[in-house]
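Please read the structure below before turning to the comments.
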């Protein structure tokens, strides 16, 4: 079980996770919110409201895409089984939580991206210099916008983006 | 050339007393949870780095470890198993043929290097069979990271490696790079279809097709989101993508292990960034093993690497064989 002294570490983890960038497009699961939920549960901290909202929305969206919802079947078969996720709280000691925090911080600060710096050769590839710019522009718009007729023709004919 | 140091020599020997390495480099030391080091030294290999986490593997109930017995195993083609020697007359005939018809060797090479050598390299990273000992890289993925030993997981690992090659192939001249990409994807799906029918015992063609369509849409998703992570130049987005795909969105993820994979990917991309078009196109690239680490090159070493590549591919005085001709750049 997490000792009372560990709770500051958990709080640090949660504040750090809240600073993580939000997904550009919606996915079935989000690293940021799922981990905030998890560490809040481990440290006994109340989960922020917006995270609970997001979770609800994700579950709703998932329902509409699933042909067969195994969750409802499971619930009908084994009603007594607990529904919440088992976060294995007993495993977390102060040391482990500090270690998790360190790694999370390294990820947040892009430690390895800076350590293994790559140059323009890969980021602006000479075979397709516009590739990443166009990808990011499309994602900023939510990935929903369609291409116009003439640019689409150009893409098909040249194969470049 | 790139300096890669074995995880065992740097950690096992360099840091005496932390653990006793037994036998191979795979039985690396494991820190006891009371002596957890909070620092993360840069000479750690991703494998050692993941092992130094104090949190034990927590099985994910959503992805059970349900591997099946293979019906029979597909064999690697002879020319990918090791050193193959060709009789002299065949070589001479080939050279004459290439020279006579003016064959574009960059086009031909996409098949033998991209579609064969590089594909098998990616395939072997996470290849495993039920109840069989794991290869060195597979130990990293399945034992250390605790990922389920399944076909779907193998696919995720393979596509991650293929994506890294894609990133490099985009930086080649457009037509050639695209050809390499096409060949590797063709081979991947041909191989999946064979593996499903021969190894996984999926006998119905329509079910195989359905699986393959599913794998195809997964591939679009993985490549798209990894590209997003690369373009945003941020480890947090890369970590989120890897968590969604390689770690199957596991809620009980060990962040140390996630960081180890982030590091592994960055390390490979760094090597790919430093290798020249010519060397990459001729199949000189190999993935750095998870139990090895890469040190960033100094400008001096980069120069040495360039000279070494030039000496190998353009010695100056010697005549270049028709089959060795290429328009790929030696310097970039």
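The values are calculated or read from the model by the stated rules, or taken from the named source; none is laboratory data. Everything numeric in this text was worked out from a predicted model, so none of it was measured. Every residue, glycine among them, receives a Cβ derived from its backbone with ideal geometry; neighbour counts consider all protein chains shown.
Worth pointing out:
- Scanning region A:10-30 for residues that are in a helix (DSSP H, G or I) and within 11 Å of chain B (Cβ to nearest Cβ) yields a count of 3.
- The numbered conditions (1) buried (at least 21 other Cβ atoms within 10 Å of the Cβ); (2) more than 10 Å from every other protein chain (Cβ to nearest Cβ); (3) in contact with a strand residue (DSSP E or B) (Cβ under 9 Å, 6 or more places away or on another chain) are all true for residue B:267 except (2).
- Options B:319, B:274, B:312; residue that is exposed (fewer than 15 other Cβ atoms within 10 Å of the Cβ) and either touching a strand residue (DSSP E or B) at 6+ places or on another chain (Cβ under 6 Å) or closer than 24 Å to residue B:119 by Cβ (or both): B:312
- Verdict on residue A:25 being more than 22 Å from residue B:54 (Cα to Cα), surrounded by fewer than 17 Cβ atoms within 10 Å (Cβ to Cβ) and in contact (Cβ under 8 Å) with a residue 40 or more places away in the chain: yes
- Region A:135-149 - residue that is surrounded by 17 or more Cβ atoms within 10 Å (Cβ to Cβ) and free of Cβ contacts under 8 Å to residues at least 60 places away in the same chain and, of those, farthest from residue B:235 (Cα to Cα): A:138
- Test result for residue B:178, free of Cβ contacts under 8 Å to residues at least 12 places away in the same chain and either more than 8 Å from every other protein chain (Cβ to nearest Cβ) or surrounded by fewer than 22 Cβ atoms within 10 Å (Cβ to Cβ) (or both): yes
- Checking the stated criteria, residue B:322 turns out to be touching a helix residue (DSSP H, G or I) at 6+ places or on another chain (Cβ under 9 Å), in contact (Cβ under 8 Å) with a residue 12 or more places away in the chain and under 30 Å from residue B:93 (Cβ atoms).
- For residue B:188, the criteria (1) buried (at least 17 other Cβ atoms within 10 Å of the Cβ); (2) under 23 Å from residue A:122 (Cα atoms); (3) in contact (Cβ under 8 Å) with a residue 40 or more places away in the chain hold in every case but one, which is (2).
- Qualifying residue in region B:212-228 (condition: facing chain A (nearest Cβ under 10 Å) and out of contact with any helix residue (DSSP H, G or I) (no Cβ under 7 Å at 6 or more places or on another chain)): yes
- Listed by position, the helices (runs of 4 or more DSSP H) inside region B:86-136 whose residues that are under 30 Å from residue B:146 (Cβ atoms) number at least 2 are B:119-125.
- The criterion of being buried (at least 17 other Cβ atoms within 10 Å of the Cβ), touching a strand residue (DSSP E or B) at 6+ places or on another chain (Cβ under 9 Å) and away from chain A (no Cβ under 13 Å) holds for residue B:289.
- In the set (1) farther than 20 Å from residue B:61 by Cα; (2) surrounded by fewer than 21 Cβ atoms within 10 Å (Cβ to Cβ); (3) over 17 Å from the mean Cα position of the chain (by Cα), the condition left unmet by residue B:249 is number (1).
- Residues of region A:31-41 satisfying the condition of being touching a helix residue (DSSP H, G or I) at 6+ places or on another chain (Cβ under 9 Å), within 11 Å of another protein chain (Cβ to nearest Cβ), touching a residue at least 24 places away in the same chain (Cβ under 8 Å) and surrounded by fewer than 22 Cβ atoms within 10 Å (Cβ to Cβ): A:41
- Complete set of residues in region B:149-175 that are in a helix (DSSP H, G or I) and within 14 Å of another protein chain (Cβ to nearest Cβ): B:163, B:164, B:165, B:166, B:167, B:168, B:169, B:170, B:174, B:175
- Against the conditions (1) surrounded by fewer than 20 Cβ atoms within 10 Å (Cβ to Cβ); (2) over 30 Å from residue A:110 (Cβ atoms), residue B:233 satisfies every one except (2).
- Filter pass, residue B:162 being over 19 Å from residue B:250 (Cβ atoms), buried (at least 21 other Cβ atoms within 10 Å of the Cβ) and in contact (Cβ under 8 Å) with a residue 24 or more places away in the chain: yes
- Remark: pairs (first residue in region A:53-78, in the same structural domain as residue A:37 (by TED's automatic domain parsing) and without any contact (Cβ under 8 Å) to a residue 60 or more places away in the chain; second residue surrounded by 10 or more Cβ atoms within 10 Å (Cβ to Cβ) and not in a helix (DSSP H, G or I); Cβ separation under 6 Å; 6+ apart in sequence or on different chains) = A:62/A:28.
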